[in-house]
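Written out below as structure tokens is the structure these notes cover.
Since every read-out is calculated from the coordinates, none of them should be taken as a lab result. Quick caveat: nothing in here was measured; it's all calculated off a predicted structure. All Cβ positions, even for glycine, are placed from backbone atoms using ideal geometry, and neighbour counts span all protein chains on display.
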Amino acid sequence: MNVAVIGASNKPDRYSYKAVVLLREIGMEALDACTLVLLATGQF
């Protein structure tokens, strides 16, 4: 399953970062919103 995390951060102390790490640990494909937009527009 793909999951978009709106406002994801690359700072380990942020809850959004922890959410992405947790989602990936349980087998989800977690993307931040910016990556999702680039994939959808073919610019990635």
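Summarising the label geometry, the points placed 7 Å from Cα in the beta-carbon direction at Asp13 and Met1 lie 3.2 nm from one another. Loop-located trypsin sites (Lys or Arg not before Pro) across the stretch 1-30 with a Cβ neighbour count of 14 or fewer within 10 Å are Arg14, with loop assigned by DSSP.
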